[in-house]
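The values are calculated or read from the model by the stated rules, or taken from the named source; none is laboratory data. Every value quoted in this text rests on a predicted model; they were computed, and no experiment measured them. Backbone-built Cβ (ideal geometry, glycine too); neighbour counts: all protein chains shown. Accessible surface is based on the protein model in full, side chains and every heavy atom, while ligands, DNA and RNA are left aside. Shrake-Rupley method; radii C 1.70, N 1.55, O 1.52, S 1.80 Å.
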Amino acid sequence: MVVKAGAGPDAPRSVTILGSTGSVGTQTVDLVSRDPERFPVEALTANRNVTLLAQQARQLNARLAVVADPSAYAELKSLLSGTGIEVAAGSEAVAAAAERPADWVMAAIVGAAGLEPTLAAVRRGAIVAFANKEVLVCAGALMMEEVKAHGATLLPVDSEHSAIYQVFDFDRTDSVARLILTASGGPFRTRDRAFMAAATREQAVAHPTWDMGAKISVDSATMMNKGLELIEAHFLFGIPEERIDVLVHPQSVIHSLVEYVDGSVLAQLGTPDMRTPIAYALGWPARIATPAERLDLVKAATLTFEAPDPVRFPALRLARAALQSGGGAPTILSAANEVAVQAFLDRRIGFLDIERIVEETLTALPHRPLRDLAAVREADADARRDAAGRVAAIGATTVGSR
Ligand SMILES: NC(=O)c1ccc[n+]([C@@H]2O[C@H](COP(=O)([O-])OP(=O)(O)OC[C@H]3O[C@@H](n4cnc5c(N)ncnc54)[C@H](OP(=O)(O)O)[C@@H]3O)[C@@H](O)[C@H]2O)c1
């Protein structure tokens, strides 16, 4: 992890939010809008939600608003006419937005679509608040090399990694015995496989403790989210897979833990509100106030813990196997998962088909070394093609039954 000395802790910090219309993005907008003088906004980006994007751009007086879907350009332009806010469209324009000179960039696009924009921010040495975990899963080693080479600062936003970051001894990493990632267990924590086989989109996105975007909510239901986080933690903190454990903790109060060689275990706690880890990254190295509900341990009263169940939730095993295999395996895992989760959200496949498609794609494709970004893009595209074929095959046999 590269840590860069910044200006004074309370100095103004210009901000770009990639994925400003999403769950993490809107919570970042909420925090930034509470102190507009300290956090002037350079650019905001979305995929196609131009109504919200235009409203945010006006509210924050952004210099630039970008929509990835080119067909939404005319509408965005008209919504922002007369404001003086620049408008652009297309995925290249999203990456170009990240190149603009903001001190701090929130990477909150969902999926591998965030790779190029996040890289653009890293390559100009920005402070990057990093929520978009699929980027580190698909290109972890290359991304961390770029962070080092360009003196960028990567601050994790995932609550688990933010927790670890806050209690991790970067100067003496050999004193760290193990990382323990906590997991809520998702909406199907107590359900059996028969229930999951028939689970609907609505049941899968109904997360018990966090209010999040659709893709990460389904990932929490399969527990693939914890698998992706395990890979993310490996690259962020340089700890090998076998020293990263997962602990199910349904109350989501302890956000993760670090065990040291002397037996001490350090943790970060709080109510489950993403504005706390977002604010940690936004203010870093200073802390800023948030409206998040305060933790009342008397009210919480009981914190419980369980081991994850590898039989009901095989995604964790798949993610560990992909990390052990190395090379393009995590890229394939994440790309196949993106395709399968989208197909489930579109009601084209069942819930348990997600893990099956990921496993079959991981088995079918070679795990080639990732020497450069072209190799990442190729592994990603191959996995998407393979997984889409598997989705289509399922769709062909179950048409009309969902
Ligand atoms: N939500 C959470 O609490 C949480 C917690 C920890 C980590 N994360 C991670 O943070 C990331 C974002 O999650 P989220 O829950 O905020 O997702 P989300 O609510 O689905 O928002 C995704 C954002 O990315 C934009 N986007 C989607 N596809 C895009 C594309 N192809 N090109 C450019 N922009 C695109 C969306 O724009 P539109 O609105 O126009 O579609 C939206 O602004 C994910 O990697 C997730 O794993 C989220």
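Hull surface divided by four, with the convex hull built on the Cα atoms of the stretch 156-259: how many nm²? It would help to have the intermediate numbers written out before the result.
Numbers: hull surface 26.7 nm².
Averaged projected area of the stretch 156-259's Cα convex hull equals 6.7 nm².
Overall, the ratio between the Cα radius of gyration of the stretch 10-165 and 2.2 N^0.38 Å, rounded to two decimals, is 0.97. Return the ratio Rg/(2.2 N^0.38 Å) for the stretch 247-378, where Rg is computed over Cα atoms only. Scaled against compact globular proteins, the figure is 1.38. Here the Karplus relation 6.51 cos²θ - 1.76 cosθ + 1.60, evaluated at θ = phi - 60°, turns the backbone of the stretch 263-275 into coupling constants of x, 5, 10, 9, 9, 10, 10, x, 5, x, 9, 4, 5 Hz, with x for every Gly and Pro. Shape analysis of the stretch 340-390 places it in the prolate category; the axes a ≥ b ≥ c from the Cα gyration tensor give an a/c of at least 1.5, with a/b above b/c. What are the lysines whose alpha-carbon lies under 17 Å from the alpha-carbon of LYS215, with same-chain residues fewer than 8 places away excluded? Straight-line reach from LYS215, under 17 Å: LYS133, LYS226. Karplus-derived 3J(HN,Hα) values for the stretch 344-359, using 6.51 cos²θ - 1.76 cosθ + 1.60 with θ = phi - 60°, are 5, 4, 7, 6, 8, 9, x, 4, 6, 5, 4, 5, 5, 5, 4, 5 Hz; glycine and proline are entered as x.
Averaged per residue, the chain has 41 square angstrom of accessible surface, using a 1.4 angstrom probe with ligands and nucleic acids left out. Using the Kirkwood radius over C-alpha pairs as Rh, can you work out the diffusion coefficient of the chain via Stokes-Einstein at 37 °C, viscosity 0.692 mPa s, in µm² per second? So the translational diffusion coefficient is about 152 µm²/s.
Would you work out what percent of the accessible area of the chain, with all protein chains in place, is carbon or sulfur (probe 1.4 Å)? Carbon and sulfur together cover 52 percent of it. Charge tally for PRO36 (other residues, Cβ to Cβ under 14 Å; Lys, Arg +1; Asp, Glu -1): +1. Taking amide H atoms as placed 1.01 Å from N in the peptide plane, the amide H of VAL105 lies under 5 Å from those of THR16, ILE127, VAL128, ALA129, each 5 or more residues away in sequence or on another chain. Only helical runs count toward this figure. For the chain, summing -39,500 (n - 2.57) over DSSP H runs of n ≥ 4 and dividing by all residues gives -14000 deg cm²/dmol at 222 nm. Modelled label positions at ARG172 and GLN324, each set 7 Å beyond Cα in the direction of Cβ, lie 3.2 nm from each other. Put simply, the stretch 147-198 fits an ellipsoid with semi-axes of 34, 15, 9 Å; these come from the alpha carbon gyration tensor as the roots of five times its eigenvalues, largest first.
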